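Here's the structure, in structure tokens; my notes come after.
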Amino acid sequence: MFTRTESFREYTHSYRAVTVLILIMMIVFVLVLFPIFPGNVIFYYGTGVNLFIADGQWWRLITPIFLHSTFTHLLFNGFSLAIFGPFLEKFLGSVKFSIFFLSTGILANIATFLIKPLTYNHIGASGAIFGLFGFFFYLVLFNKTNFTNNERNTVYTLTGIAIIMTFIQPQINVVGHLAGIAIGALTAPLYSRKKW
């Protein structure tokens with residue numbers, strides 16, 4: 001389920017949504033790393049700053065999904081999407097998967113805005129990534145696919161580790177992570193329907 005055996009070419013052709021999402025994250029990171037725009041304008045206008053969101057800058061609920069502070073930050077989220085995304089993209093289809101990923105990230109950012117103080121700011125795709133964990137948790141818990149026992153245990157273990165690490169690592173958007181996993185699990189039945 002999580003083991004990838006495709007060549008790079010096969011992977012990018014089979015999982016177009018995952019590939020495009022990772023590519024956008026990488027392009028944005030490079031643009032920030034080698035600033036083409038004056039005054040690091042991408043971070044200035046893209047970071048999720050609750051105070052500015054409250055002032056009507058609603059796009060800050062979307063743009064943080066594609067912004068990452070360090071290469072390690074990008075690597076973790078990009079790698080997680082590359083490993084966990086393909087199964088769900090095949091399960092849902094590319095369009096529905098893209099909608100799920102983006103909407104989960106946005107809803108996690110809305111939760112961050114509603115719960116955290118106005119001074120709080122955040123970036124990263126972690127809310128959407130944790131939504132993938134939530135979706136897998138739903139599939140395993142309610143036996144929606146023919147997972148093996150090992151695959152089920154893998155999902156439970158990875159979900160547990162992800163939640164634990166949320167509270168251990170510094171500078172983590174705990175609200176975004178927990179909201180992402182909850183939203184992923186709660187909306188999974190809707191996305192799992194064959195017809196909308």
By how many degrees, between 0 and 90 and to the nearest 10, does the Cα long axis of helix 71-92 differ from the longest principal axis of the chain? 40
Helix 16-33 axis, angle to the chain major axis (alpha carbon atoms, nearest 10°): 30
Where the only charges are on Cβ atoms (+1 Lys, Arg; -1 Asp, Glu), what is the dipole of the chain about its Cα centre, to the nearest 20 debye? 500
Below 16 Å, Cα to Cα, which lysines can Lys194 reach? Residues fewer than 8 away in the same chain don't count. Lys90, Lys96, Lys144
Across region 8-192, how large is the tail of the calculated P(r) beyond 30 Å, expressed as a percent of all Cα pairs? 17
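Rule-based calculations on the coordinates, nothing more; no lab input. Quick caveat: nothing in here was measured; it's all calculated off a predicted structure. Cβ coordinates were reconstructed from backbone atoms using ideal geometry, including for glycine residues, and neighbour counts include every protein chain displayed.
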